[in-house]
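The values are calculated or read from the model by the stated rules, or taken from the named source; none is laboratory data. Note that the coordinates shown come from a computational prediction; the quantities given were computed from them, not determined experimentally. Note: ideal-geometry Cβ built from the backbone for every residue, glycine included; neighbour counts use all protein chains shown.
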Ligand SMILES: Cc1cc2nc3c(=O)[nH]c(=O)nc-3n(C[C@H](O)[C@H](O)[C@H](O)COP(=O)(O)O)c2cc1C
C-alpha cells in the first residue's frame, strides 16, 4: 500500500509541507512526498487529447505525476490559499489528473485527503473563508472522480507580511487587516505547524484514518 502526498506550497519546509509529512508518516505505510515546485506542471488545456489514451498530450511533468497518482493507493493533496482559494500550482496538478478519468476511473474508490493552510484566524468572520475554499477545491475533485474523501487538515499559517520586511508598517499590511489596527509582527508572532499541538494531533488522526480506509 502506498500513499502519495503532493504539496503545492513553494516555501521550503513550509507549514503546508510539515503538515503533509506528518499525515503521511502517521499512515504507517509506504509514502512518497512530492513538492510541486520540483516539477513543471501546466494547467489542463481542455483539449480532450487524453480521452482515448488516458495520457495527457502536454509534454511536461504532469504525465509523470499522473502516473504516480494512478499507481498510488491513496492521495493526499496539500495546498495554500492565496486570495482565498486553492493555489494555482496545486490546482494545475489536480487538473492534470483528468486523463485518469476516462472510461476507467483510475482514481475511483481510492481514499483521499486534503491539507490546507490559510492565514485567516478561525474567529475572523470579515474575510473570505480561505481554508474552506481551498479544502472544497480538493474535496470536489475527489468527489467528482469517485474517490473516498477521508478528511481535511486545516492549518493556520502565516500572513506573508510577517516576513516581507515592511510588516505592520505597510499601508496594505495583512497583519493589521487580519488582526486589527494595533496588531504588530510581535503581537501576532510566527505560526509553525509543530507549535500548534491540536494540528499535530489532527495530522496523526488523519493519517491513521487514511490507513484504516485502505484496509477497509
Ligand atoms: C499572494 C498571496 C496571497 C495570499 N492570500 C491569502 C488569503 O487571501 N487568505 C489566506 O488565508 N491566506 C493567504 N495567503 C497566505 C497563505 O495562505 C499562507 O502563506 C499559508 O498559510 C502558508 O503559510 P506558511 O507560510 O506558514 O506555510 C496569501 C499568500 C500569498 C503569497
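When restricted to residues that are more than 19 Å from residue 194 (Cα to Cα), touching a strand residue (DSSP E or B) at 6+ places or on another chain (Cβ under 6 Å) and surrounded by fewer than 21 Cβ atoms within 10 Å (Cβ to Cβ), the stretch 1-33 contains 4. Right, residue 183: part of a loop (DSSP other than H, G, I, E, B), surrounded by 13 or more Cβ atoms within 10 Å (Cβ to Cβ) and within 16 Å of the ligand (Cβ to nearest atom) or not? The answer is yes for residue 183. Taking the criterion of being in a helix (DSSP H, G or I) and either modelled with pLDDT under 95 or more than 19 Å from residue 135 (Cα to Cα) (or both), the residues of the stretch 186-198 that qualify are 186, 187, 188, 194, 195, 197, 198. Can you tell me which residue within the stretch 40-91, out of those that are more than 24 Å from residue 136 (Cβ to Cβ) and surrounded by 20 or more Cβ atoms within 10 Å (Cβ to Cβ), is farthest from the chain's Cα centre (by Cα)? Ranking the qualifying residues of the stretch 40-91, first place goes to 50.
When the criteria are applied in full, residue 101 fails the requirement of being touching a helix residue (DSSP H, G or I) at 6+ places or on another chain (Cβ under 8 Å) and free of Cβ contacts under 8 Å to residues at least 60 places away in the same chain. Residue 169 satisfies every condition listed in (1) under 24 Å from the mean Cα position of the chain (by Cα); (2) away from the ligand (no atom under 16 Å from the Cβ); (3) farther than 30 Å from residue 72 by Cα except (1). Can you find, within the stretch 137-177, the residue that is nearest to residue 95 (Cα to Cα) among those that are part of a helix (DSSP H, G or I) and in contact with a strand residue (DSSP E or B) (Cβ under 9 Å, 6 or more places away or on another chain)? Applying the filter and picking the extreme gives 141.
Taking the criterion of being more than 10 Å from the ligand (Cβ to nearest atom) and within 16 Å of residue 179 (Cα to Cα), the residues of the stretch 115-165 that qualify are 122, 123, 125, 126.
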